[in-house]
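Take a look at the structure set out below.
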Amino acid sequence: MIGAVALAVAATFSGLGIASGVTSDVTLTVDGVSVTVRTTAETVADLLITEGVLIDVAMVVEPAQETHVYDGMSVAVSYPHGVTAPKYVELTVDGATHHFTTYATTVSSLLFQRSVKVGPDDRVNVDRSTQLSEGMRITVQRVEVREEAVSEEIAFSTNRRYTTDLAPGETKVLIAGVPGIRTIRSQVTYVDGVEESRIVLSDELTREPTLEQLEVGLGSLGYVTPGSAQDIAKGLVPGWGWDDNEFQCLVNLWQRESNWRVNAENEWSGAYGIPQALPGDKMAAAGDDWRTNPETQIRWGLGYIANRYNTPCGAWEFFLDRNWY
């Protein structure tokens with residue numbers, strides 16, 4: 001009911017406007033407590049709204065709420081609830097709890113008496129039109145809602161091309177990698193300075209990451225360590241939809257076949273390279289550098305396994321039964 005009255009009063013005087021642009025000094029008294037306020041309110045009703053005085057159907061306002069505000073005027077607000085006895089109450093606001101005795105009659109008049117202004121988003125644990133009672137605990141929470149933007153980096157990927165033109169382990173940057181940026185905008189609600197909720201409004205890719213292009217040296221013999229070859233394979237396996245378990249089967253399989261050596265060659269059969277292709281030049285289908293480039297050999301080997309055994313674990317099981325795949 002009180003809220004409806006407040007809206008009705010606000011609607012009645014909405015044509016007048018709260019701010020007139022003229023500043024006036026006004027003495028405002030609520031339940032016997034007086035303060036001097038500087039205001040640009042145009043009417044007494046506007047003044048009460050801007051000063052946080054809750055409009056109650058039973059309150060008495062002098063002069064009338066439609067009276068125009070002028071410099072030096074006095075406005076008195078009282079709540080005719082009869083003779084009131086002092087009440088001991090607890091008020092928590094702005095991180096501090098206060099205990100005191102008051103003659104205020106309502107929560108609204110108490111907050112005014114203590115110079116506690118309640119913002120439009122702030123929360124009071126009891127309705128401000130509620131009459132005060134002995135031992136009442138009143139809590140005012142400051143609520144701030146604001147938009148925030150946070151930028152996050154997106155890591156760039158690296159593409160390595162192996163070459164015999166560089167010494168073993170030497171690298172040459174062909175295209176420098178640049179991290180991407182994503183911007184997340186959120187509506188964040190803070191209660192007494194502590195984040196309560198965060199609603200994502202937008203998540204935009206502000207800048208695409210730039211793929212890093214590297215050349216990695218194999219030396220004149222095209223040598224790459226088994227560990228490096230396995231790192232290459234680990235980066236390629238997910239592209240076939242295979243998980244870490246499948247990767248481990250691949251490690252086991254090619255450990256037995258070639259010890260992950262690029263130039264491994266079977267002197268009896270002529271099988272060549274990490275996947276032991278037979279004959280070795282089959283791998284030319286994956287690249288002309290099949291003799292020295294571990295990535296070319298691995299790409300060919302993964303395709304061979306997928307076509308013949310579906311998965312590395314399938315190829316590994318076949319190998320354990322027959323000692324070849």
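The values are calculated or read from the model by the stated rules, or taken from the named source; none is laboratory data. Please read these numbers as outputs of a predicted model, since none were measured by experiment. No Cβ is skipped: glycine too gets one built from the backbone with ideal geometry, and neighbour counts run over all protein chains shown.
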**Asked** For segment 274-301, how many residues are closer than 13 Å to Tyr325 by Cβ and either in a helix (DSSP H, G or I) or touching an Asp or Glu at 6+ places or on another chain (Cβ under 6 Å) (or both)?
**Response** 2
**Message:** I'd like to check which strands (runs of 3 or more DSSP E) are fully inside segment 107-197 and have at least 1 residues that are without any contact (Cβ under 8 Å) to a residue 60 or more places away in the chain and under 30 Å from Ile49 (Cβ atoms).
**Reply:** 137-141, 143-154, 180-191
**Message:** I'm checking my understanding of the structure. Among residues of segment 279-325 that are within 15 Å of Glu257 (Cβ to Cβ) and among the polar types (S, T, N, Q), which one is modelled with the highest pLDDT?
**Reply:** Gln297
**Prompt:** Do we have any residue at all in segment 203-216 that's without any contact (Cβ under 8 Å) to a residue 24 or more places away in the chain and either outside the structural domain of Ala176 (by TED's automatic domain parsing) or outside any loop (DSSP other than H, G, I, E, B) (or both)?
**Reply:** yes
**Single match in Val53, Val37 (criterion: surrounded by 15 or more Cβ atoms within 10 Å (Cβ to Cβ) and at pLDDT 75 or above)** = Val53
**Complete:** Leu236 meets each of (1) surrounded by fewer than 19 Cβ atoms within 10 Å (Cβ to Cβ); (2) without any contact (Cβ under 8 Å) to a residue 24 or more places away in the chain with one exception, condition (2)
**Message:** Among the residues in segment 279-301, are any crowded, with 20+ Cβ neighbours inside 10 Å and farther than 25 Å from Ala167 by Cβ?
**Reply:** yes
